[in-house]
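Below: one structure, written as structure tokens.
The values are calculated or read from the model by the stated rules, or taken from the named source; none is laboratory data. This one's a predicted model, so the numbers in the text were calculated from it and none came from an experiment. Here the Cβ is made from the backbone with ideal geometry for all residues, glycine too, and neighbour counts use every protein chain on show.
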Amino acid sequence: MVGAMKQNLYALLQSRFPADRSRPCFLFPDGRSTSYGELELGVSCMAAHLRATGVGPGDRVLVQAPKSTEMIMLYLACLQTGAIFAPLNTAYTPAEVSYFVGDAEPALIVTDAAAEMAAASGLDPDPRIHEARSGDTASLIYTSGTTGRSKGAMLTHGNLAANGLALTEAWGFTGDDVLLHALPVFHVHGLFVALHCSLLSGSAMVWLGKYEDDPIIEGLARSTVMMGVPTFYTRLLDNPRFTKESAAHMRLFVCGSAPLLPSTFEAFEDRTGQRILERYGMSEAVIITSNPLKGMRIAGSVGYPLPGVDLRIGGGEETGVIQIKGPSVFSEYWRMPEKTREEFTADGYFITGDVGRQDPDGRVWISGRAKDLIISGGYNVYPKEIELILDEMEGVTESAVIGCPHKDFGEAVIAVIAGAGDEAAVIAAARQQLAVFKAPKRVFFVDDLPRNAMGKVQKNVLREAYKDVFSG
Ligand code: AMP
């Protein structure tokens with residue numbers, strides 16, 4: 001029984017809290033802080049509150065709430081009591097939320113974690129930890145679902161523990177680190193990757209509600225590690241106040257959730273002398289590959305599979321869909337046995353949907369999502385190959401290449417470019433470097449590419465906006 005209790009992720013996290021519980025866990029911009037002791041007390045009051053409300057092991061707690069430390073206490077209390085924490089993107093509209101309510105059938109819906117804490121803080125703290133098995137579901141993470149219904153990836157206590165421990169080791173976290181935390185906490189990046197590295201090393205976090213230039217630049221001066229999405233880095237580089245000195249206290253900049261442009265990687269190194277460590281992950285498996293802490297971090301590569309991750313390229317070609325197996329890979333989608341079956345191979349590998357290749361030494365390169373593959377006149381076109389060429393052109397900040405319905409070719413390649421330039425000149429320049437079926441047939445200039453909260457370019461939005469280009 002003791003063994004089972006130890007499989008509860010909260011028991012593992014708590015065993016790594018600093019012995020001196022007066023040490024800070026959260027540091028706020030105004031100088032206030034929350035200690036590990038206060039965190040632990042908050043979690044056990046919240047656990048008492050969940051139990052008093054009738055929320056039990058396996059029950060879903062659906063949360064759509066602003067980022068707060070109380071939300072973290074609620075997450076940890078769900079782990080502690082065996083309930084399943086199901087966070088939702090704060091951007092979802094009521095109509096979208098009603099789908100998740102119907103799908104998750106939650107025992108409790110939380111829209112304001114601080115209000116729950118106010119109710120919980122009057123109760124006697126309840127430190128009892130539910131005897132979870134490592135295969136018990138800890139969290140239900142809804143995928144962003146750009147096509148079709150959003151799926152709930154069921155991540156277990158064991159999945160999250162394995163990934164947290166692997167990352168803490170791979171990225172060299174110690175109790176002396178201070179993590180600059182400005183990511184949302186409804187997504188795996190901010191909720192699991194960042195939070196677990198801090199809690200498992202008993203270190204502190206500078207806690208910001210969201211990315212804002214000035215608090216970030218000030219936060220860097222008292223932090224050692226930042227985890228961000230690519231837009232954090234482009235925004236920092238756009239700010240002349242971000243200098244080599246601003247980054248001098250930092251030992252590590254981590255980036256992921258969307259591809260980091262090589263130009264951003266290079267500009268960051270020029271400005272700060274530091275190389276961003278890019279890693280690759282997804283809701284269904286948390287982190288899969290990472291560039292090394294010690295050793296070469298290469299622009300455009302997502303590094304090597306984490307220890308214990310078995311990665312292969314499907315389809316028998318050099319480039320194909322990445323398949324993975326490993327201790328952090330989820331085993332099913334919530335109440336969607338068909339989808340689960342479709343996305344695993346017969347021998348148990350999860351089909352990520354990301355297209356990539358792997359060097360003989362194991363290093364992985366991602367060239368895009370399989371569903372973004374364009375088939376033009378029967379030829380496969382990988383948008384990334386074209387985007388890399390366009391991104392080098394004068395006046396181009398960034399590009400997105402998509403396929404649009406075309407009566408002769410099935411799909412034809414178009415490019416949407418953030419920046420300014422001349423359509424005919426871009427097409428002519430692209431044709432000098434690319435086979436004619438790969439070069440864009442039309443080019444459109446915009447101020448910014450549409451992105452979601454994690455900084456991912458929303459190609460589905462672009463495909464919709466430009467769908468009539470060749471039929472109008
Ligand atoms: P999500 O489940 O919302 O975290 O999205 C996961 C997807 O983000 C992956 O399947 C990839 O397509 C993409 N992604 C995450 N990290 C990277 C990266 N470093 N480079 C390229 N794509 C990434």
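Each row is one residue, and each column tells you yes or no for (1) surrounded by fewer than 22 Cβ atoms within 10 Å (Cβ to Cβ); (2) more than 25 Å from residue 157 (Cβ to Cβ); (3) touching a strand residue (DSSP E or B) at 6+ places or on another chain (Cβ under 9 Å).
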position: 181; (1), (2), (3): no, no, yes
position: 185; (1), (2), (3): no, no, yes
position: 206; (1), (2), (3): no, yes, yes
position: 211; (1), (2), (3): yes, yes, yes
position: 214; (1), (2), (3): yes, yes, no
position: 223; (1), (2), (3): no, yes, yes
position: 226; (1), (2), (3): no, yes, yes
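Output the residues belonging to the range 370-386 that are in contact with a Pro (Cβ under 9 Å, 6 or more places away or on another chain), within 21 Å of residue 446 (Cβ to Cβ) and within 15 Å of the ligand (Cβ to nearest atom). Can you show your working first?
Pass one, the range 370-386, residues in contact with a Pro (Cβ under 9 Å, 6 or more places away or on another chain): 372-374, 384, 386.
Still in the running and within 21 Å of residue 446 (Cβ to Cβ): 372, 374, 384, 386.
Listed by number, the residues that qualify are 372, 384.
Screening the range 302-320 for residues that are closer than 21 Å to residue 261 by Cα and of a type in the set (Val, Ile, Thr) and picking the one that is farthest from the chain's Cα centre (by Cα) gives 319. For the condition touching a Phe, Trp or Tyr at 6+ places or on another chain (Cβ under 9 Å), closer than 17 Å to residue 263 by Cβ and surrounded by 14 or more Cβ atoms within 10 Å (Cβ to Cβ), residue 356 does not qualify.
Taking the residues in the range 266-290 that are in a strand (DSSP E or B) and aliphatic (A, V, I, L, M) as candidates, determine which candidate is nearest to the ligand (Cβ to nearest atom). Applying the filter and picking the extreme gives 282. Listed by position, the helices (runs of 4 or more DSSP H) inside the range 1-71 whose residues that are at pLDDT 95 or above and under 30 Å from residue 98 (Cα atoms) number at least 3 are 36-53.
Within the range 239-265, the residues that satisfy the criterion of being under 11 Å from residue 225 (Cα atoms), under 24 Å from the mean Cα position of the chain (by Cα) and either assigned to a loop (DSSP other than H, G, I, E, B) or away from the ligand (no atom under 16 Å from the Cβ) (or both) are 247, 250, 251. When 153, 138 are checked against the criterion of being in the same structural domain as residue 278 (by TED's automatic domain parsing), within 12 Å of the ligand (Cβ to nearest atom) and more than 28 Å from residue 276 (Cα to Cα), a single residue qualifies: 153.
The strands (runs of 3 or more DSSP E) located wholly in the range 101-199 that include 2 or more residues which are farther than 26 Å from residue 459 by Cβ and without any contact (Cβ under 8 Å) to a residue 60 or more places away in the chain occupy 108-110, 178-181. Here 348, 378, 421 are screened, and the one residue that is small (Gly, Ala, Ser) and surrounded by 13 or more Cβ atoms within 10 Å (Cβ to Cβ) is 421.
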